[in-house]
Amino acid sequence: MIQLKRTDHTDKGFVHLVSQLNGYLKVIDGDDHEFYMQYNGIEVLRHVVVAYWDDVPVSCGAFKPYDETSVEIKRMFTHPDFRGKKVATAVLKGLEAWAKELGFNSCVLETGKRQIEAVSFYKKNEYQIIPNFGQYKGVENSLCLEKQLNNEKR
């Protein structure tokens, strides 16, 4: 049974999962890893969702304000043993609902093109490819996506 917990960057389950995520990304991103890590500090994350399965943290995600109307989804990760069980979707939906409650209209995110499963996951959850934003402009491996939370455009 999945239980979602709203928390922040200090949550021990979140910290543990992010450590696993960083190890995974170090392999996937290779030489690009250090570039991405400079934008992935968790200390600024005040909106974190952790999924627990029988009191064990198995998936996480977070968001931070990107601008006045959008949030940026950060640090999405699901333990490999729990992939394909809709846990990541529950976390993402939890983040989207929280952002909407706070008055945000859309979510943006960046993922690496080499992370084929992640790209497929976001597309399946109605995220659309957009031009690379911010620090990801001109970064060949980066793919940026967006999802409108409301029917109105920003």
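Tabulated values for the structure
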{"read-out": "Odd one out for V108, checked against (1) assigned to a strand (DSSP E or B); (2) within 29 Å of D54 (Cα to Cα)", "value": "(2)"}
{"read-out": "Selected residue [of a type outside the set (G, A, S) and touching a Lys or Arg at 6+ places or on another chain (Cβ under 7 Å)] from E117, E72", "value": "E72"}
{"read-out": "Any hit, segment 120-135, residues being of a type in the set (A, V, I, L, M) and in a strand (DSSP E or B)", "value": "yes"}
{"read-out": "Residue that is surrounded by the fewest Cβ atoms within 10 Å (Cβ to Cβ), among those in segment 118-152 that are farther than 19 Å from W98 by Cβ, of a type in the set (S, T, Y) and in contact (Cβ under 8 Å) with a residue 12 or more places away in the chain", "value": "Y136"}
{"read-out": "Pairs, first within 16 Å of V119 (Cα to Cα) and touching a residue at least 60 places away in the same chain (Cβ under 8 Å) in segment 76-98, second among the aliphatic types (A, V, I, L, M) and assigned to a helix (DSSP H, G or I), C-beta under 8 Å, six or more apart", "value": "F77/L17; F77/V18; F77/L21"}
{"read-out": "Within segment 11-62, considering residues that are assigned to a loop (DSSP other than H, G, I, E, B) and at pLDDT below 75, the one farthest from K74 (Cα to Cα)", "value": "Q38"}
{"read-out": "Test: V91 is in a strand (DSSP E or B), within 20 Å of D8 (Cα to Cα) and not hydroxyl-bearing (S, T, Y)", "value": "no"}
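Let's see how each residue does on (1) modelled with pLDDT under 95; (2) hydroxyl-bearing (S, T, Y); (3) more than 22 Å from H47 (Cβ to Cβ):
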residue: K93; (1), (2), (3): no, no, no
residue: K100; (1), (2), (3): no, no, no
residue: N105; (1), (2), (3): no, no, no
residue: G112; (1), (2), (3): yes, no, yes
residue: K124; (1), (2), (3): no, no, yes
residue: Y127; (1), (2), (3): no, yes, no
residue: P131; (1), (2), (3): no, no, yes
residue: G134; (1), (2), (3): yes, no, no
residue: N151; (1), (2), (3): yes, no, yes
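So that you can scan it fast, the table gives a plain yes or no per residue for (1) on the phi < 0 side of the Ramachandran plot; (2) out of contact with any helix residue (DSSP H, G or I) (no Cβ under 9 Å at 6 or more places or on another chain):
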position	(1), (2)
D81	yes, yes
K86	no, yes
A90	yes, yes
W98	yes, yes
E101	yes, yes
S106	yes, no
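The values are calculated or read from the model by the stated rules, or taken from the named source; none is laboratory data. Just so it is clear, the model here is predicted, and its values are computed rather than measured. Please note: Cβ atoms are built from the backbone with ideal geometry, for glycine as well, and neighbour counts cover all protein chains shown.
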